[in-house]
Amino acid sequence: MLPEKREYQIAMESEAGREGLAVWRRVVKSMSGPQKVAKAFELTEMTRQIMREGIRRQHPDAGESDVQEMYVDRLLQYQGTSLAEVREKQRAQ
């Protein structure tokens with residue numbers, strides 16, 4: 001049996017979480033394929049905006065290019081690498 005996704009585990013910790021998960025499942029089940037794809041893009045963009053806003057709050061003096069660099073670095077960290085590592089590999093080529 002596969003381990004449960006962390007999001008599912010968190011949702012199941014409270015009545016509100018369980019209810020929210022049930023509603024979300026009903027909404028997704030009622031969507032067409034193209035609607036699901038559109039929602040995925042919408043949620044992805046929302047996540048990007050939230051991440052960038054968090055970086056701006058943590059680094060209020062950072063310029064937009066610095067915010068973008070920190071954003072990309074965080075995305076790479078989720079993949080087990082970093083912007084510094086990618087740049088080093090590019091220099092070595």
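Counting only residues at least eight positions apart within a chain, or on another chain, the lysines with an alpha carbon under 26 Å from that of LYS29 are LYS5, LYS39.
One equal scatterer on each Cα of the chain, no solvent, Debye formula: the resulting log10 I(q)/I(0) at q = 0.14, 0.18, 0.22, 0.24 Å⁻¹ is -0.82, -1.03, -1.11, -1.16. Site pair THR47 and ASP73 shows an inter-label distance of 2.1 nm when each label is modelled 7 Å from Cα along Cα→Cβ.
Here the mean projected area of the convex hull built on the C-alpha positions of the range 1-51 is 4.8 nm². May I ask for the angle, rounded to the nearest 10°, between helix 64-78 and the longest principal axis of the chain, with both axes built from Cα atoms and the value confined to 0 to 90°? Between the helix axis and the principal axis of the chain, the angle is about 60 degrees. Between ARG57 and GLU19, the simple label model (points 7 Å from Cα in the Cβ direction) yields a spacing of 2.6 nm. In this rough spin-label picture, where each label sits 7 Å from Cα along the Cβ direction, the LYS5-LYS39 distance is 1.1 nm.
Of GLY54, GLY17, GLY33, the residue with the greatest mean-square motion in the GNM of the chain, using alpha carbon springs below 10 Å, is GLY17. Would you be so kind as to identify which of THR44, GLN79, PRO34 lies farthest towards the positive end of the dipole of the range 28-86, taking Lys and Arg as +1 and Asp and Glu as -1 on Cβ and the Cα centre as origin? Going by the charge dipole, the pick is PRO34.
Listed by chain and number, the aspartates and glutamates placed with their C-alpha closer than 20 angstrom to that of LYS36 are GLU7, GLU45; residues fewer than eight positions away on the same chain are left out.
Given charges of +1 on the Cβ of Lys and Arg and -1 on the Cβ of Asp and Glu, with all other atoms neutral, how large is the dipole of the chain about its Cα centre, in debye to the nearest 20? List each step's numbers first, then the result.
Numbers: 16 positive and 15 negative charges, 89 e Å.
With Lys and Arg at +1 and Asp and Glu at -1, about 420 debye.
Exposed loop sites are taken as GluC sites (Glu not before Pro) in a DSSP loop (any state but H, G, I, E or B) with at most 14 other beta carbon atoms within 10 Å; the longest stretch of the chain without one runs 14-93.
Throughout, read-outs are computed from the coordinates displayed, never taken from laboratory work. Note that the structure is predicted; figures quoted are calculated from it, not measured. Every residue, glycine as well, gets a Cβ built from its backbone with ideal geometry; the counts of neighbours run over all protein chains shown.
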